[in-house]
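Accompanying notes for the structure given below.
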Amino acid sequence: MKFGILQFFSWPERRVPLPTVYARALQRIEIMDRSGYDAVWLTEHHFSDYSVCPSIPVMGAHVAARTKRLRIGAGVTLAAFYHPLRLAEEIALLDILSGGRVNWGAGRGFDQREFRTFKVPINESQERFREAVDIVMRAWASERLSYDGRFFSFDDVEVLPKPLQQPHPPMWVAAGSPEATKWAASAGYSILIGPHGTHVEIGQQWELYRDWLSENGHTIGGREIPTARLLAIAPTDAEAAEIAQDGAKWLLKTYVDPTQLRFGDGDPVRRYIDSVVIHGTADRVADQIARLHEEAHLDYLIGTPLSHETFLAFTDKVLPRLG
């Protein structure tokens, strides 16, 4: 298995100065660089203290300067809010500055505040996202690029720089619905599976993706399918369950809208604790991950720790056992 960390820049209740949030995150990332992690996956969010990182290329350049071997993942750039040529330039520049360590993940986004504030009609977001991804990939592959789309048109543009990794950095699209999964498979793109589906659902999504790839003349082959899972580790199972509960409440209070993510009926906090968060002692968490590896095709785990103690326990006790 491979392991990464989905690095949020959360500012809960604004208890500390914001620069402290960044400093603590960079300390954690430096630990990752010395440990057995494949990548740190940086999040992009806007207008919320859920995660105060509006620019993955800026943060990624700082991470590149502070690390030696750790890959730098975009988890994810919200492509519907960008001019795609600028996005292609900035990710390519980060790839060069990092010595070819970029993993590019692109997502559509679902936070209503972001769409309202950026004045991007949410009913256009899917088509904007897909057009932007298409343009970025073409910009990296073409010496010069012309394009005539619904939202973006240009003629004979030389997009510089090109990424260091050729033909382009490893690339994934976030797939939070069957429709998005099917579109990615039809285009031959690899997918990122997000942290909010149940353990059963992520296995089903992997299998649907494999089948849809095959229907479109592609194979799953050696594709990595990074899958984000929320983690809570403590000395006892009961303490870990409390961390999981507090984390679920925080997500639902600050960012996650159960109706948008199609949670259905029932208590969403209970859903996270019972079916989404991997929680318990370090040994129990390692056992759960090993089971998901066998039962749900979990070959690349992007861990999302719900406490700093969880991150340290995962690094010291779980990663050496499974990595």
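I'd like the distance separating the alpha-carbon centroids of region 81-111 and region 171-214, in whole Å.
Cα centroid to Cα centroid, the span is 21 Å.
Non-local amide H neighbours of L298 (under 5 Å, H modeled in plane, Pro and chain starts lacking H): which ones?
Here H293 satisfy the definition.
Using label points projected 7 Å from each Cα along Cα→Cβ, tell me how many nm separate R150 and K249, to one decimal.
Here the answer is 4.3 nm between the modelled labels.
Of all accessible surface on region 238-323 at a 1.4 Å probe, what whole percent is carbon and sulfur?
Answer for region 238-323 is 46 percent, counting heavy atoms of protein chains only.
So what is the relative contact order for region 28-91, in percent, with contacts set as C-alpha pairs under 8 Å and at least six apart?
Once normalised by length, the contact order is 37 percent.
If amide hydrogens are placed 1.01 Å from N in the peptide plane, which non-local residues have theirs closer than 5 Å to the one on V173?
Residues meeting the amide H criterion: A106, S190, I191, L192.
Give the Cα extents of region 135-264 along the principal axes, in whole Å, largest first.
60, 32, 30
Restricting things to alpha carbons, tell me how big the chain is in terms of Rg and Dmax, in Å.
19.1, 61
What percent of all Cα-Cα pairs in region 109-201 falls in each 5 Å bin, counting up from 0?
2, 11, 18, 18, 20, 17, 9, 3, 1, 0
Mind checking the log10 I(q)/I(0) for region 1-100 at q = 0.21, 0.23 Å⁻¹? Debye, one equal scatterer per Cα, no solvent, two decimals.
Here log10 of I(q) over I(0) equals -1.12, -1.27.
Can you tell me the accessible area per residue over region 192-282, all protein chains present, probe 1.4 angstrom, in square angstrom?
47 Å²
If the reach is capped at under 12 angstrom between alpha carbons, list the aspartates and glutamates near K182, excluding any in the same chain fewer than eight residues apart.
Of all the aspartates and glutamates, those that pass the test against K182 - Cα under 12 Å, at least 8 places apart if same chain - are E207, D211, E215.
Could you give me the ³J(HN,Hα) list for region 161-172, computed from phi with Karplus coefficients 6.51, -1.76, 1.60 and θ = phi - 60°, whole Hz, x at Gly and Pro?
Each residue of region 161-172 in turn: x, 8, x, 5, 6, 10, x, 6, x, x, 9, 9 Hz.
Please build a GNM for the chain, connecting alpha carbons under 10 Å apart, and tell me which residue among P17, P54, P305 fluctuates the most.
So, out of P17, P54, P305, the one fluctuating most is P17.
What number, rounded to the nearest 500 deg cm²/dmol, is the helix-based mean residue ellipticity at 222 nm of the chain, given -39500 (n - 2.57) per DSSP H run of at least four residues and division by all its residues?
Value at 222 nm, helices only, nearest 500: -13000 deg cm²/dmol.
The values are calculated or read from the model by the stated rules, or taken from the named source; none is laboratory data. Note that the coordinates shown come from a computational prediction; the quantities given were computed from them, not determined experimentally. Cβ atoms come from the backbone with ideal geometry, glycine included; neighbour counts cover every protein chain shown. With ligands, DNA and RNA removed, areas are computed over all heavy atoms of the protein, side chains included. Shrake-Rupley method; radii C 1.70, N 1.55, O 1.52, S 1.80 Å.
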